[in-house]
Amino acid sequence: MRFALLTPEPDYTERQPSATFPKPPALLVEGLRRLHERLPPPQQTEHGLTPPLALEMQVQCWPECQAYSERLRRHCAPDQDTELDERLKGVYGRLHIQAFKLATLVAALDWIETEAAVPTLTATHWQMGETLAETWRLSAHRLLTQMDRGGEAITERRQQDALLNAIRRAGEDGSNLRTLYRALHLTAQRARQLAQDLVRAGLVMEQRLDGAEWYVAAEHTH
């Protein structure tokens, strides 16, 4: 994901519209101008302009970034009591990168106030980046909650969870489709649709045993 899902807070209230277009804060404009002038410019060659040279940074917070990435990865593990919604795993997979980029922006703005040759990304910068990324993570959860408020979405999610749990309880031998839909009081068509959704999500594996549709939880296939 290369964007953030920004969902209003629960106590969101509308702001009054401005009568006139407000100008950007002078401090912000000046800071961006100084950063632009400090960064390496494009180079003029006989073939025209070339992209600017990369500016290396001194990174002092790589362990913190790696630790955040590991925490997010653990949230995505399939063996938790409450498994993370599959729709959020793509968000979780990039949050540590987004946090690093945010911290880089903060470090660059601090850099223009110094005479240092290159920016230094400190643990303080990282903490600001991670804090902002965490607000985006919670925002994504709020978005899915709002999307799932409809009765059909809630019913489908419950049926998926019930089917997945039944397949997991069957262990490494798995279970055939007929046994599953009879135990869960589903139609064969509905159970097959739910099972295929779980297959596409990578949570179960489909097999054929004596011609019957058979499903095994993914954690039992490794």
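I'd like to check something: does the stretch 23-46 contain any residue that is surrounded by 13 or more Cβ atoms within 10 Å (Cβ to Cβ) and under 28 Å from THR145 (Cβ atoms)? No, there is no match, as no residue in the stretch 23-46 is surrounded by 13 or more Cβ atoms within 10 Å (Cβ to Cβ) and under 28 Å from THR145 (Cβ atoms).
For the stretch 139-154, the criterion of a residue being farther than 18 Å from VAL59 by Cα, touching a residue at least 60 places away in the same chain (Cβ under 8 Å), outside the structural domain of MET205 (by TED's automatic domain parsing) and buried (at least 19 other Cβ atoms within 10 Å of the Cβ) is satisfied by at least one position.
Within the stretch 80-104, residues that are touching a residue at least 12 places away in the same chain (Cβ under 8 Å) sit with their Cβ atoms under 6 Å from residues that are aromatic (Phe, Trp, Tyr) and surrounded by 14 or more Cβ atoms within 10 Å (Cβ to Cβ), at 6+ positions apart or across chains, in these pairs: HIS96/TYR68; ALA103/TRP126. A count restricted to the stretch 81-117 and to residues that are within 17 Å of the chain's Cα centre (by Cα), loosely packed, with under 14 Cβ neighbours inside 10 Å and of a type outside the set (D, E, K, R) stands at 1. One residue alone among GLY129, GLY171, GLY211 is modelled with pLDDT of 90 or more, surrounded by fewer than 16 Cβ atoms within 10 Å (Cβ to Cβ) and either over 30 Å from ARG94 (Cβ atoms) or not acidic (Asp, Glu) (or both), and that residue is GLY171.
The values are calculated or read from the model by the stated rules, or taken from the named source; none is laboratory data. Not measured: the values here are computed from a predicted model. A quick note on method: Cβ atoms are made from the backbone with ideal geometry, for glycine too, and the neighbour counts reach across all protein chains shown.
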